[in-house]
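Notes for the one structure printed next.
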Amino acid sequence: MELTWLKVEEWEKNGGPHHGFLGRQGGRSAGTYAGLNVSYEVGDDPAVVKDNFCDLKKAVGLHERSIVTMKQVHGDRVIDVKDKQTKNAGEADGIVTNQPGVFLGVMTADCVPLLFSCAERKVAAAVHAGWRGTAAGIAQITLRHLRDRYAIGPLEVSVALGPAIGPCCYEIRGDVSIPLVAKWGTLAERCLDSRDGSEYLDLRRLNRLQLEISGVSAGRIFDVGPCTRCSPNEFFSYRGQRGKTGHQMSFIGWPA
Ligand SMILES: [Zn+2]
């Protein structure tokens, strides 16, 4: 199967986690979901989604294993996954594991997928950040979780931010910008751009800045892939398809 499979070069060179940001290419879904849709919750045929999952796992070398996902709710909850038999970790927007052989997945279609890696401790996390999760500071909450539960500090962490809607396309209104600026002040303002009477948000950058002010080295934060809305053949885009779209998978874990 031909896949769009983006990786962090630095992780690949340095014996990093098994990971990837997948696109919509490959897969068996049709119509508006065409390609490798992995979400059961968008109206696609569940039997086809199941086949997509199977094909995907084979294609990335995780045949016979599960990729643990979560019920993403645009919230601020981060939970631990210990058991590789788990298929769905429950309601959360961040999942963390310190178990080699457990692979974590996050599904997106414009929101930012974040993959966290701690090479020394073989800990991984997969996080979903739309504007609400970003407003809640889900990236920082994940860092706090790593510190509190695993005694891992920000300097031990490397984070990759995957394909998401870019500042070229993410037009927003006050219902988004006002709460963001209320919570994050100048940090949020640095990620807003006004042009032609409209306001645009750089969601990926705001997540990056949250990580940087929490102590993650700027050089260990990686932006991977293009704007999802600008690349309709490669990636699902909620905005680009007016809400009727599939979701792509990003995954991470340490081989057992
Ligand atoms: Zn764009």
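The values are calculated or read from the model by the stated rules, or taken from the named source; none is laboratory data. This one's a predicted model, so the numbers in the text were calculated from it and none came from an experiment. Methodologically, a virtual Cβ is constructed for each residue, glycine included, from the backbone with ideal geometry; neighbour enumeration extends over all protein chains shown.
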Inset, instruction - Determine which single condition MET249 fails, assuming it passes every other condition in (1) within 14 Å of the chain's Cα centre (by Cα); (2) within 14 Å of the ligand (Cβ to nearest atom). - result: (2)
Inset, instruction - Could you tell me whether the stretch 93-116 includes any residue that is free of Cβ contacts under 8 Å to residues at least 40 places away in the same chain and under 17 Å from the mean Cα position of the chain (by Cα)? - result: yes
Inset, instruction - Go through the stretch 180-194 residue by residue and tally those that are within 16 Å of the ligand (Cβ to nearest atom) and either crowded, with 16+ Cβ neighbours inside 10 Å or at pLDDT below 95 (or both). - result: 2
Inset, instruction - Hey, can you tell me all the residues within the stretch 11-42 that are outside any loop (DSSP other than H, G, I, E, B), under 17 Å from the mean Cα position of the chain (by Cα) and of a type in the set (Ser, Thr, Tyr)? - result: none
Inset, instruction - Specify which of the listed residues (ILE213, ILE172, ILE141) is within 16 Å of the ligand (Cβ to nearest atom) and closer than 28 Å to GLU91 by Cβ. - result: ILE172
Inset, instruction - Quickly run through the stretch 144-169 and pick out the residues that are surrounded by fewer than 19 Cβ atoms within 10 Å (Cβ to Cβ), away from the ligand (no atom under 16 Å from the Cβ) and of a type in the set (A, V, I, L, M, F, W, C). - result: ALA151, LEU155
Inset, instruction - Looking only at the stretch 45-58, decide whether some residue is surrounded by 20 or more Cβ atoms within 10 Å (Cβ to Cβ) and part of a loop (DSSP other than H, G, I, E, B). - result: no
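The rows are residues; the columns are (1) at pLDDT 95 or above; (2) buried (at least 21 other Cβ atoms within 10 Å of the Cβ); (3) touching a helix residue (DSSP H, G or I) at 6+ places or on another chain (Cβ under 7 Å); (4) of a type in the set (Asp, Glu).
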residue: ILE178; (1), (2), (3), (4): yes, no, no, no
residue: LEU201; (1), (2), (3), (4): yes, yes, yes, no
residue: ASN207; (1), (2), (3), (4): yes, yes, yes, no
residue: VAL216; (1), (2), (3), (4): yes, yes, yes, no
residue: GLU234; (1), (2), (3), (4): yes, no, no, yes
residue: GLY240; (1), (2), (3), (4): no, no, no, no
residue: HIS247; (1), (2), (3), (4): yes, yes, no, no
Inset, instruction - Could you give me the residue pairs with C-beta distances under 8 Å whose first residue belongs to the stretch 204-233 and is touching a residue at least 24 places away in the same chain (Cβ under 8 Å), whose second residue is part of a helix (DSSP H, G or I) and within 16 Å of the ligand (Cβ to nearest atom) wherever it lies, and which are 6+ apart or on separate chains? - result: ASP223/ARG204
Legend entry - Per-region count, the stretch 18-33, residues within 18 Å of SER231 (Cα to Cα) and out of contact with any helix residue (DSSP H, G or I) (no Cβ under 9 Å at 6 or more places or on another chain): 6
